[in-house]
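Asks: Quick one: structure below, then a few questions.
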Amino acid sequence: MSEPRPKPFELSKRAVWEAYRRVRANKGAAGVDEQSISEFKRDLTGNLYKLWNRLSSGSYFPPPVRAVQIPKRDGGSRVLGVPTVADRIAQTVVRLYLEPEVEPHFHPDSYGYRPRRSALDAVAVCRERCWRADWVLDLDIQAFFDSVPHELVLRAVAHHTDQRWIVLYVERWLKAPLQREDGSLVERDRGTPQGSAISPLLASSSTPAASAKPGSFGPRSLLAWRSAGSPSTSARPASCTARTPTGRAPPSTSRSTSSATRSVPGCRRTGSESTS
């Protein structure tokens, strides 16, 4: 009896199981195949083995991503992508392998979509730093998830890993079409669907401020992004309040309040402590 042929790519079955556990915990809606997590569980062993077999053999091709319109406060809408349950598990497998390679390169002040970090952690740092500075710089990249160039994402991924199968599947996910409610397919040549398991990591790893190490990939990506025709980063001043207890000035405030207020309109300092 002949020996089983080795797979082109080495993927741990335990990683597939861990990915399933995370997807199950996050719950989420069904994708274009209308298969829920409960339905996926009916043949859990078979479904997970089939997914592992395809991923490790290089034959996994992601299905279209279901497009869901989410209304925004300004009257517009945001398109969220909902992959199938199996596709979310596959994306999470790649994330489990790629995230430890990318994480050490993120800036210490980066909090978005990172493990064991949250917006509340960022707020805590801001509350501490407002004693030393009374200005805020607010940066926003418009339609970032919709416009990030695929070439830039793939370069960032290839920079952080030498696993060919990771780059292979990231490219396939980037090119997977969106499926509208009427069943029509929208081909994509840029962007990564907001709402998928792998998109936040791909987006963060390809931003200019992704890396804290001088001379590494992150800062150099800005020029490539601008040359690829993506929207430029817009900076706008944001109002802020540096609150101080009555009768006590914040430490390390040698410069006057007025100079900071001139540089960032809307900043002000109050004279009483606030817990809001």
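The values are calculated or read from the model by the stated rules, or taken from the named source; none is laboratory data. Keep in mind the model is a prediction, meaning the values are calculated, not measured. As a convention, Cβ positions derive from the backbone with ideal geometry for all residues, glycine included, and neighbour counts pool all protein chains shown. These accessible areas exclude ligands, DNA and RNA; they are computed on the full protein's heavy atoms, side chains included. Shrake-Rupley method; radii C 1.70, N 1.55, O 1.52, S 1.80 Å.
Asks: What about GLU181, is it acidic (Asp, Glu) and either in a helix (DSSP H, G or I) or within 20 Å of the chain's Cα centre (by Cα) (or both)?
Replies: Considered against the rule, which asks whether it is acidic (Asp, Glu) and either in a helix (DSSP H, G or I) or within 20 Å of the chain's Cα centre (by Cα) (or both), GLU181 comes out as no.
Asks: Test LEU120 against the stated conditions and say whether it is open to solvent by 80 Å² or more (accessible area, probe 1.4 Å) and free of Cβ contacts under 8 Å to residues at least 12 places away in the same chain.
Replies: Judged against the criteria, LEU120 is a match.
Asks: Are any residues in region 146-190 basic (Lys, Arg) and loosely packed, with under 14 Cβ neighbours inside 10 Å, and if so, which ones?
Replies: ARG164, ARG172, LYS175
Asks: Go through region 44-66 and give me each residue that's farther than 13 Å from ALA86 by Cβ and in a helix (DSSP H, G or I).
Replies: Within region 44-66, THR45, SER56, SER57 meet the criteria.
Asks: Does any residue of region 68-79 turn out to be in contact with a helix residue (DSSP H, G or I) (Cβ under 8 Å, 6 or more places away or on another chain), in contact (Cβ under 8 Å) with a residue 24 or more places away in the chain and of a type outside the set (Ser, Thr, Tyr)?
Replies: The answer is yes; a qualifying residue exists.
Asks: Can you go through VAL16, VAL65 and tell me which one is more than 18 Å from the chain's Cα centre (by Cα) and either at pLDDT 95 or above or farther than 18 Å from SER199 by Cβ (or both)?
Replies: VAL16
Asks: I need the full set of residues from region 127-145 which are open to solvent by 70 Å² or more (accessible area, probe 1.4 Å), farther than 27 Å from GLY195 by Cβ and either in a helix (DSSP H, G or I) or aliphatic (A, V, I, L, M) (or both), in order please.
Replies: ARG127, GLU128, ARG129, LEU137 - these are the residues of region 127-145 that are open to solvent by 70 Å² or more (accessible area, probe 1.4 Å), farther than 27 Å from GLY195 by Cβ and either in a helix (DSSP H, G or I) or aliphatic (A, V, I, L, M) (or both).
Asks: Another question, then. What is the number of the single condition among (1) out of contact with any Asp or Glu (no Cβ under 8 Å at 6 or more places or on another chain); (2) open to solvent by 20 Å² or more (accessible area, probe 1.4 Å) that VAL102 does not meet?
Replies: That leaves (2) as the condition not met.
Asks: Test ASP162 against the criterion of being out of contact with any Asp or Glu (no Cβ under 8 Å at 6 or more places or on another chain), assigned to a loop (DSSP other than H, G, I, E, B), free of Cβ contacts under 8 Å to residues at least 24 places away in the same chain and farther than 25 Å from GLY81 by Cα, and give yes or no.
Replies: yes
Asks: A further question on this structure: With respect to the numbered conditions (1) open to solvent by less than 50 Å² (accessible area, probe 1.4 Å); (2) closer than 21 Å to SER204 by Cβ; (3) of a type in the set (A, V, I, L, M, F, W, C); (4) outside any helix (DSSP H, G or I), which one is the sole condition not fulfilled by LEU80?
Replies: In the conditions (1) open to solvent by less than 50 Å² (accessible area, probe 1.4 Å); (2) closer than 21 Å to SER204 by Cβ; (3) of a type in the set (A, V, I, L, M, F, W, C); (4) outside any helix (DSSP H, G or I), LEU80 misses (1) alone.
Asks: Still on this structure, I have one more. Would you be able to say whether some residue in region 95-108 is out of contact with any helix residue (DSSP H, G or I) (no Cβ under 8 Å at 6 or more places or on another chain) and over 23 Å from THR207 (Cβ atoms)?
Replies: Checked against the condition, which is being out of contact with any helix residue (DSSP H, G or I) (no Cβ under 8 Å at 6 or more places or on another chain) and over 23 Å from THR207 (Cβ atoms), region 95-108 yields no hits at all.
Asks: Something else: Out of everything in region 73-110 that is hydroxyl-bearing (Ser, Thr, Tyr) and farther than 22 Å from GLU18 by Cβ, what residue ends up being nearest to the chain's Cα centre (by Cα)?
Replies: It comes out as SER110.
Asks: Got a number for residues in region 1-43 being under 18 Å from ARG95 (Cα atoms) and not in a loop (DSSP other than H, G, I, E, B)?
Replies: Final tally of qualifying residues: 14.
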